[in-house]
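See below for the structure under consideration.
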């Protein structure tokens with residue numbers, strides 16, 4: 001290449017960099033909800049949800065305990081430290097391969113407590129039932145919650161029931177709040193991630209979300225897939241006992257692993273660089289995702305954690321995860337770097353590099 | 001308008017001759033095969049787009065492309081090896 | 001995954017990349033256009049540009065049939081969805097395309113029932129199972145998808161399903177390519193032909209590009225190695241002074257196309273005299289509508305649509321991006337007023353659009369990443 005061409009290219013690169021910087025400033029600006037009405041995108045865990053939470057909820061309730069926006073709030077009550085969390089479950093269908101809405105309701109909240117480093121102890125269970133909902137189905141849901149609570153080692157200690165008119169509540173909605181005891185010194189949190197850290201995932205991704213999509217029966221796709229819903233408190237306890245250098249844990253639910261990676265990059269103002277080849281994905285998840293044009297990175301899990309750990313302890317962390325049945329296929333998927341801050345980059349199987357950004361809403365099946 | 005992916009036919013409909021079952025990476029789906037010039041048989045590979053099989057995949061042609069790529073890959077490796085060897089001297 | 005993984009081999013990519021670079025004349029820049037959203041998506045998703053020498057630029061043409069739907073047509077669809085008893089069905093890609101008052105999700109928030117489907121046959125099944133609803137299918141796509149829509153209408157007719165109709169927004173690729181080629185501010189060296197459209201129309205329709213405009217064309221597959229091999233073949237044509245149509249995607253694309261598919265289209269659909277393309281303006285004989293014989297299945301006849309033309313916002317420079325004159329980041333509103341959450345124009349509207357693809361996948365400084373990786 002001659003000098004004129006290379007000079008032209010470097011001018012082009014610096015002009016492009018100016019634009020990238022401008023975009024970065026816009027992205028960091030104060031979030032605003034532009035829509036007048038709530039849409040489905042606001043519930044999917046992506047950018048729209050994030051904007052809604054920051055612009056409406058955080059703005060109204062703002063306090064230091066809420067601001068970290070981690071999976072659970074960490075409360076200091078003098079001699080005791082507690083983790084407190086809540087989650088609502090509106091999944092359809094209520095019964096799917098691998099579990100029920102009841103399993104999700106228990107495991108989801110247990111997991112939010114576990115990834116805060118707490119020992120989950122007690123749950124609440126609030127039910128919103130639709131008029132006409134079969135009692136047999138309610139019993140089935142509640143029995144599965146009982147079984148899940150037993151496995152997780154927690155108790156449901158209080159609850160509530162409401163019934164709404166036919167046509168609302170899609171059968172059954174459940175809210176659970178959970179309380180756990182924090183006896184680990186220090187605080188886990190994605191904002192503490194730093195260059196050199198390793199990023200791990202505890203198992204294959206995307207199983208729950210794809211299972212649900214297929215279970216809705218609209219897609220005429222048959223696959224041997226079950227939801228990965230499971231309580232991870234035992235897995236986490238083992239990890240934290242073995243590896244003190246764990247900086248953060250996150251429960252990869254709505255929005256998938258991609259959302260967690262972006263939360264890390266944003267909270268700690270670092271780059272997260274992952275290798276496509278290293279990310280565990282089952283063949284059936286890959287096949288279904290290809291058929292639909294969806295990226296498994298954005299598909300919900302319900303029993304997988306993302307771990308940020310000091311680079312020097314990555315191997316120990318992997319060993320600890322793999323020694324537990326739920327972490328048998330744990331893998332190191334990438335590293336934290338200083339630059340470019342706030343971005344998640346993926347090194348593709350193919351050897352190229354691209355960004356993994358937050359989606360606006362749910363991953364929509366593409367046909368194009 | 002392009003998302004179309006390859007799938008293997010595992011079953012051609014007995015009662016509905018224009019429907020077949022395809023498998024993609026362990027995942028099964030029904031597709032309409034009415035656009036294919038000849039009905040496929042189990043073991044054929046087809047290109048699937050929005051629930052229809054658009055085209056049968058020609059294995060010979062597929063192999064030809066892979067052979068071309070293999071050859072490019074080989075000659076590239078030969079060149080890299082030659083480059084490496086020449087450095088030693 | 002067979003017929004997929006083999007075409008994603010990194011070593012072969014490096015080999016092809018070396019061969020492509022070796023064909024480049026020092027000091028010369030090359031611009032190739034791909035006219036298929038799927039190609040844009042693959043190129044960005046796999047980071048393919050990292051495999052190309054800096055001299056080669058890939059320009060993303062108007063190959064995203066979702067992106068080119070004008071706002072007025074989205075408004076028309078929402079108008080239909082608002083009619084009593086209507087259940088509208090649409091592909092996922094279409095759900096976030098903004099009309100003048102919002103997209104399909106916004107419309108649902110205000111009370112319409114627009115549901116996502118994966119296939120027109122799913123829409124027909126919904127009609128079959130819900131006889132009291134008026135089920136409308138928003139039909140979009142190039143010639144790749146039109147046969148499926150046509151077959152579904154034929155099926156509906158055969159079964160006598162009276163509560164099903166389509167809102168036809170199918171567009172055709174050749175007029176768009178011609179519009180690009182005729183545009184004065186454009187200098188292209190060759191085309192990557194749309195692989196899946198070609199499974200239906202074959203390769204002959206591209207011959208005018210080589211014969212009248214003297215540009216090489218290679219009909220390309222969608223895996224990364226397909227695209228790299230196609231670029232290699234384009235470079236070879238340039239170096240050898242040829243301008244021909246070649247079929248790289250021969251494992252799937254028959255030279256003469258798919259006659260059954262073309263027959264199905266011909267039976268149910270016909271060319272409109274003209275149609276507006278977002279960003280490109282009116283192009284004659286570039287879109288399809290339902291023929292009179294199947295009028296019963298034409299939503300435009302069943303429901304009177306307002307058909308109001310809504311102009312693109314003034315700040316929108318999509319036309320220039322689509323023609324490859326501007327790169328996405330060179331558009332004045334890229335990334336600031338125009339983002340995937342708040343798309344102004346067609347290039348940002350669907351994940352396949354050039355601007356969306358760049359924003360979602362490519363929006364980082366390769367220089368800084370290289371430096372960071374080295375450190």
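The values are calculated or read from the model by the stated rules, or taken from the named source; none is laboratory data. All of these numbers come straight from a predicted model, not from anything done at the bench. Every residue, glycine as well, gets a Cβ built from its backbone with ideal geometry; the counts of neighbours run over all protein chains shown.
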Q.
On the basis of being in contact with a helix residue (DSSP H, G or I) (Cβ under 8 Å, 6 or more places away or on another chain), buried (at least 17 other Cβ atoms within 10 Å of the Cβ) and in contact (Cβ under 8 Å) with a residue 12 or more places away in the chain, does residue A:215 make the cut?
A. no
Q. Residues B:51, B:43, B:34: which one is more than 29 Å from residue A:285 (Cβ to Cβ) and either touching a helix residue (DSSP H, G or I) at 6+ places or on another chain (Cβ under 6 Å) or surrounded by fewer than 17 Cβ atoms within 10 Å (Cβ to Cβ) (or both)?
A. B:34
Q.
Looking only at residues that are in contact (Cβ under 8 Å) with a residue 24 or more places away in the chain and within 14 Å of chain A (Cβ to nearest Cβ) in the range B:12-44, which one is nearest to residue C:200 (Cα to Cα)?
A. B:31
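Kindly establish whether residue C:232 is within 13 Å of chain B (Cβ to nearest Cβ), buried (at least 16 other Cβ atoms within 10 Å of the Cβ) and over 22 Å from the mean Cα position of the chain (by Cα).
Numbers: within 13 Å of chain B (Cβ to nearest Cβ): yes; buried (at least 16 other Cβ atoms within 10 Å of the Cβ): yes; over 22 Å from the mean Cα position of the chain (by Cα): yes.
For residue C:232, the condition - within 13 Å of chain B (Cβ to nearest Cβ), buried (at least 16 other Cβ atoms within 10 Å of the Cβ) and over 22 Å from the mean Cα position of the chain (by Cα) - is met.
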Q: Identify all residues within the range C:273-310 that are outside any helix (DSSP H, G or I) and without any contact (Cβ under 8 Å) to a residue 12 or more places away in the chain; write none if there are none.
A: C:282, C:304
**Q.** Single residue of A:288, A:267, A:241, A:237 found to be surrounded by fewer than 23 Cβ atoms within 10 Å (Cβ to Cβ), in contact with a helix residue (DSSP H, G or I) (Cβ under 7 Å, 6 or more places away or on another chain) and assigned to a helix (DSSP H, G or I)
**A.** A:267
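Only one residue in C:280, C:271 is over 28 Å from residue B:6 (Cα atoms) and at pLDDT below 95. Which one?
Working: C:271 fails: at pLDDT below 95.
C:280 is the lone residue from the list that is over 28 Å from residue B:6 (Cα atoms) and at pLDDT below 95.
Does residue C:66 satisfy the condition of being at the interface with chain A (Cβ under 8 Å from one of its Cβ atoms), over 19 Å from residue C:223 (Cβ atoms), within 19 Å of the chain's Cα centre (by Cα) and buried (at least 19 other Cβ atoms within 10 Å of the Cβ)? First the steps, then the outcome.
Working: at the interface with chain A (Cβ under 8 Å from one of its Cβ atoms): yes; over 19 Å from residue C:223 (Cβ atoms): yes; within 19 Å of the chain's Cα centre (by Cα): yes; buried (at least 19 other Cβ atoms within 10 Å of the Cβ): yes.
For residue C:66, the condition - at the interface with chain A (Cβ under 8 Å from one of its Cβ atoms), over 19 Å from residue C:223 (Cβ atoms), within 19 Å of the chain's Cα centre (by Cα) and buried (at least 19 other Cβ atoms within 10 Å of the Cβ) - is met.
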Q) What is the one condition in (1) more than 30 Å from residue C:153 (Cβ to Cβ); (2) away from chain B (no Cβ under 13 Å); (3) in a helix (DSSP H, G or I) that residue C:227 does not satisfy? A) (2)
Q | Answer residue from the range B:1-11, given it is within 11 Å of another protein chain (Cβ to nearest Cβ) and under 28 Å from residue C:140 (Cβ atoms) and is modelled with the lowest pLDDT among those | A | B:1
Q. Quick one: in the range C:162-184, which of the residues that are more than 16 Å from the chain's Cα centre (by Cα) and buried (at least 20 other Cβ atoms within 10 Å of the Cβ) is farthest from the other protein chains (Cβ to nearest Cβ)?
A. C:165
Q) Say we look at the range C:40-61 and pick out the residues that are more than 9 Å from chain A (Cβ to nearest Cβ) and more than 22 Å from residue C:4 (Cβ to Cβ); which of these is surrounded by the fewest Cβ atoms within 10 Å (Cβ to Cβ)? A) C:57
Q: Could you look through the range C:1-33, keep only residues that are within 8 Å of another protein chain (Cβ to nearest Cβ) and part of a loop (DSSP other than H, G, I, E, B), and pick out the one that is nearest to the chain's Cα centre (by Cα)?
A: C:4
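Residue by residue, here is whether (1) at pLDDT 75 or above; (2) more than 22 Å from residue C:106 (Cα to Cα); (3) facing chain A (nearest Cβ under 8 Å); (4) outside any helix (DSSP H, G or I) holds:
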| position | (1), (2), (3), (4) |
| --- | --- |
| C:342 | yes, no, yes, yes |
| C:347 | yes, no, no, no |
| C:357 | yes, yes, no, no |
| C:369 | no, yes, yes, no |
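One line per residue, one yes/no per condition, for (1) within 14 Å of chain C (Cβ to nearest Cβ); (2) touching a strand residue (DSSP E or B) at 6+ places or on another chain (Cβ under 9 Å); (3) surrounded by 24 or more Cβ atoms within 10 Å (Cβ to Cβ):
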position: A:258; (1), (2), (3): yes, yes, yes
position: A:282; (1), (2), (3): yes, no, no
position: A:295; (1), (2), (3): yes, no, no
position: A:301; (1), (2), (3): no, yes, yes
position: A:332; (1), (2), (3): no, yes, no
position: A:341; (1), (2), (3): yes, yes, no
position: A:346; (1), (2), (3): yes, yes, yes
(Q) Scan the range C:111-123 and tell me whether some residue there is away from chain B (no Cβ under 14 Å), modelled with pLDDT under 95 and either surrounded by 20 or more Cβ atoms within 10 Å (Cβ to Cβ) or out of contact with any helix residue (DSSP H, G or I) (no Cβ under 9 Å at 6 or more places or on another chain) (or both). (A) yes
(Q) Could you go through the range A:63-70 and let me know if any residue there is away from every other protein chain (no Cβ under 14 Å), closer than 30 Å to residue A:267 by Cα and buried (at least 19 other Cβ atoms within 10 Å of the Cβ). (A) yes
**Q.** Verdict on residue B:56 being within 30 Å of residue C:68 (Cα to Cα), more than 7 Å from chain C (Cβ to nearest Cβ), without any contact (Cβ under 8 Å) to a residue 40 or more places away in the chain and touching a strand residue (DSSP E or B) at 6+ places or on another chain (Cβ under 7 Å)
**A.** yes
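Considering only strands (runs of 3 or more DSSP E) fully contained in the range A:64-165, which possess at least 1 residues that are under 29 Å from residue A:308 (Cα atoms)? Don't jump to the end; show me each part of the working.
Values: elements: A:73-76, A:81-89, A:119-130, A:155-164.
Counting at least 1 such residues, we get A:73-76, A:81-89, A:119-130.
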